[in-house]
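Notes follow the structure.
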Amino acid sequence: MSESQEWKQKFEELSALLQEKEQALKEYRQIIEQSNQMIKEVMDKLSVELKMAHQIHRVLLPVDLPVISNCEFSFKFRPASIKGESKDFYEVLPHLNKKFFNIIMSSCSSHALSALLFSARLKMMSRGEKVNQLQPHEFMVRLSEEISSDTSHLSAGGISISEPLKEKVALFYAFIDQKTYQMSYCLVGDIVALVQYAETGEIETLSASAYSLEKKEIRKLKTDRISLNGKDRFILCSPGVLQCQSPGGDIYSLSALKGALQNKNLSSVHEIRNRILYDLESFAQGRPTERDQSVLVMEVKRRILKLAKF
């Protein structure tokens, strides 16, 4: 075979190989286009579902709180301004006998967990007196069991779901006796719960008994108690309040929050709530918030007659 024939053969082989590569590249491009279209469809669907989840979440939040005798409430929910993780919920629930009421605040790491938590809580609260008679830490244990049960049912039905309680859950549950204004409560996670005593001006920070609702943390749960008097104030802030950041990356502090509460010109619960929110806006200076921010303020309006115990 002459040299020219060898070059011609090599050229033909390379041309054939190039055609194969071009055909393979064409097929790859088609696959990529199909994949991109599938991804777009999935993202569009997720976007719609996420919008629906946001709408459902907003609907579930109370528009107004119930009227509780001798108590005044003020509350505000501000959703995260950018895609964030936490999903807040709060509620005040009067009992049928009107001698007691509950305060609930939760903050979850996802819409799915928030919905699961709300569903479990709703089922428990609908069971009536037995649930209402539970101590706060017992309520949380039952709530944890309910969520685990719901997760098991979903898994048995072929729906794959991770262990939800391994995600971060912040939860406050309190039971208030309207005769004595003793508050029995249990706090899990990083919700901020403060009591401002009218007589001394002192602000007490309530401590959490556990970090989460995981099984290894459940055993740490306990019910604590405080006694409220006339003009005492109770303040609840979701984790997003103390995770508010300035443009420089500084974090809004607990001492700054307490400083806002010590302003003597604040004569009503609405002024206190507005002051906290104003401080957050001033601190953030327009920086987008990644977490929901919820503030609930309660004040006992009149002096409470407490009988001595013998």
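General observations
- Any chance PHE89 is modelled with pLDDT of 65 or more, open to solvent by less than 80 Å² (accessible area, probe 1.4 Å), within 30 Å of VAL297 (Cβ to Cβ) and within 15 Å of the chain's Cα centre (by Cα): yes
- Out of SER152, SER114, one residue alone is in a helix (DSSP H, G or I), within 24 Å of LYS220 (Cβ to Cβ), at pLDDT below 70 and open to solvent by 20 Å² or more (accessible area, probe 1.4 Å). It is SER152.
- Residues (in a strand (DSSP E or B) and of a type outside the set (A, V, I, L, M)) located in the range 165-192: PHE172, TYR173, PHE175, ASP177, GLN182, SER184, TYR185, CYS186
- Within the range 232-253, considering residues that are in contact (Cβ under 8 Å) with a residue 40 or more places away in the chain and more than 21 Å from ILE104 (Cα to Cα), the one surrounded by the fewest Cβ atoms within 10 Å (Cβ to Cβ): PRO247
- Residue among PRO62, PRO66 that is within 30 Å of SER268 (Cβ to Cβ), at pLDDT below 60, within 25 Å of the chain's Cα centre (by Cα) and assigned to a loop (DSSP other than H, G, I, E, B): PRO62
- The range 254-291, residues that are in contact (Cβ under 8 Å) with a residue 12 or more places away in the chain, of a type outside the set (S, T, N, Q) and part of a loop (DSSP other than H, G, I, E, B): GLY286, ARG287, PRO288, GLU290, ARG291
- Verdict on LEU221 being in contact with a strand residue (DSSP E or B) (Cβ under 7 Å, 6 or more places away or on another chain), closer than 16 Å to GLN293 by Cβ and open to solvent by less than 80 Å² (accessible area, probe 1.4 Å): no
- Residue satisfying condition, being at pLDDT 90 or above and within 19 Å of GLY189 (Cα to Cα), within set GLU281, GLU214, GLU204, GLU271: GLU204
The values are calculated or read from the model by the stated rules, or taken from the named source; none is laboratory data. Since we're looking at a predicted model, the values are computed, not measured. Using ideal geometry, Cβ is built from the backbone for each residue, glycine included, and neighbour counts are taken over all protein chains shown. Calculation scope for accessible area: heavy atoms of the full protein, side chains included, ligands and nucleic acids excluded. Shrake-Rupley method; radii C 1.70, N 1.55, O 1.52, S 1.80 Å.
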